[in-house]
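Novice: Before we start, here is the structure in question, set down as structure tokens.
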Amino acid sequence: MSKQVIYVGIDVGSQELVAALEGRRPRSFKHSQTGIREMVAWAGRIASGAIMQFCLEATGVYGYSVACRLFREHGCPVSVINPAQIAAYARAQLRRTKTDFVDAQVILSFAASQKPPLWKPESNVLRQLYLLVTEADRIRQEQTQWSNREHTRKYQDDLPQVIKQSRKAVQRTLKRQLEKIEKATTNICKQNDDIKQQVELLCSIPGIADHSAVRILAYAKSALWNLDRRALTAHAGLAPAHKQSGTSINGKSRIAKQGDRRLRTALFMPAVVAAHHNPILKIFYQRLLEKGKPKMLAIVAVMKKLLMMIRAMLKNNLPFNPNYALDS
């Protein structure tokens, strides 16, 4: 006979954790290793031997830290929930008040009614790759910003010399730091056999090179082989969003974009190249254009097909095969 599952809803803040259990007043704990240990002990006393499943929103580094400690240090089942789901659930309940205590109760109610799937952290090497790639992209954004400032400098004849020197020093520093990050990223890809093999598989696809392969792996993480086709499409924000009701509303269908924008960005340029140089995707792209589809719509369709191709290759551990026909 399976044990009863007791859900614990947690509202995560930078300094405080608020935990809610059914039939009990929510209680706050300090967001620290000691506070998490006290929260688990408090919930354990109330659960009385039942299985405790902790549920919290995906709130970036704060939520990830709590989820990892609950999973790794205390061996607790954890569910990490999309904040959009919690917000929609709260609206459905006509909640008029928003506080940390109310949010914890909403998360608890959602978990008890929806029974969200269990979560587990990524492997350490995949986590390190993700952190390095996100930091590199952040530095590139800053380089673009400073480059734009440099463009405006030539129109400022009265700009003090110290500002000119300061800007050049910042740009040199950003360049050096980006080189260090990229070197560390390359080392991870060479030293870890799994990552190395996955990068090689992706690079066998016409349209994908080392840089794009690493970014796709970093941003998609284990979703590439753990999620089914529809879930992965939604995860990348490539699922269609239809707007139609009766006879009066018949809007254009667009991609939902309710997914990881960075993964979608990482797929865009490889899809553009693949639409012209990949023997499978080129035919697919041309067929869409012949049907009168706009070029951008056709590129988005190629992005989706490319993502499914990557998923199939990683799951089956097979390189690109130009003779393989994708379902249209």
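Novice: If the requirement is being at pLDDT 90 or above and over 26 Å from Ala223 (Cβ atoms), which of these qualifies: Lys252, Lys291, Lys243, Lys304? Show your work before the answer.
Specialist: Numbers: Lys252 fails: at pLDDT 90 or above; Lys243 fails: at pLDDT 90 or above; Lys304 fails: over 26 Å from Ala223 (Cβ atoms).
Selected residue: Lys291, the only one of Lys252, Lys291, Lys243, Lys304 that is at pLDDT 90 or above and over 26 Å from Ala223 (Cβ atoms).
Novice: Residues of segment 185-208 being closer than 18 Å to Met309 by Cα, without any contact (Cβ under 8 Å) to a residue 12 or more places away in the chain and β-branched (Val, Ile, Thr), which ones?
Specialist: Correct list: empty.
A quick yes/no check of all residues on (1) assigned by TED's automatic domain parsing to the domain that holds Phe268; (2) free of Cβ contacts under 8 Å to residues at least 60 places away in the same chain; (3) within 15 Å of Leu129 (Cβ to Cβ):
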| residue | (1), (2), (3) |
| --- | --- |
| Gln145 | no, yes, no |
| Lys154 | no, yes, no |
| Val162 | no, yes, no |
| Gln171 | no, yes, no |
| Leu174 | no, yes, no |
| Lys183 | no, yes, yes |
| Asp210 | yes, yes, yes |
| Val214 | yes, no, yes |
| Ala218 | yes, no, yes |
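Novice: Also: Name the residues in segment 84-99 that are within 22 Å of Gln15 (Cβ to Cβ) and loosely packed, with under 15 Cβ neighbours inside 10 Å, would you?
Specialist: Thr97, Lys98, Thr99
Novice: While we're on this one: Suppose we filter Ala239, Ala231 for residues that are touching a Ser or Thr at 6+ places or on another chain (Cβ under 6 Å), closer than 30 Å to Arg127 by Cβ and without any contact (Cβ under 8 Å) to a residue 40 or more places away in the chain; which single one remains?
Specialist: Ala239
Novice: Here's something else I'd like to know. Do any residues in segment 106-126 that are aliphatic (A, V, I, L, M) have Cβ atoms under 8 Å from those of residues that are in a loop (DSSP other than H, G, I, E, B), where the two are at least six apart or on different chains, and which pairs are they?
Specialist: From segment 106-126, the pairs are Val106/Gln93; Val106/Arg95; Leu108/Glu22; Ala112/Glu22; Leu118/Pro77; Val125/Asn192; Leu126/Lys221; Leu126/Ser222.
Novice: Residues that are within 26 Å of the chain's Cα centre (by Cα): list the strands (runs of 3 or more DSSP E) wholly contained in segment 24-114 that include at least 3 such residues.
Specialist: 51-57, 78-81
The values are calculated or read from the model by the stated rules, or taken from the named source; none is laboratory data. None of the values given here were measured: they were computed from a predicted structure. In this analysis, Cβ positions are derived from the backbone assuming ideal geometry, glycine residues included, and neighbour counts consider all displayed protein chains.
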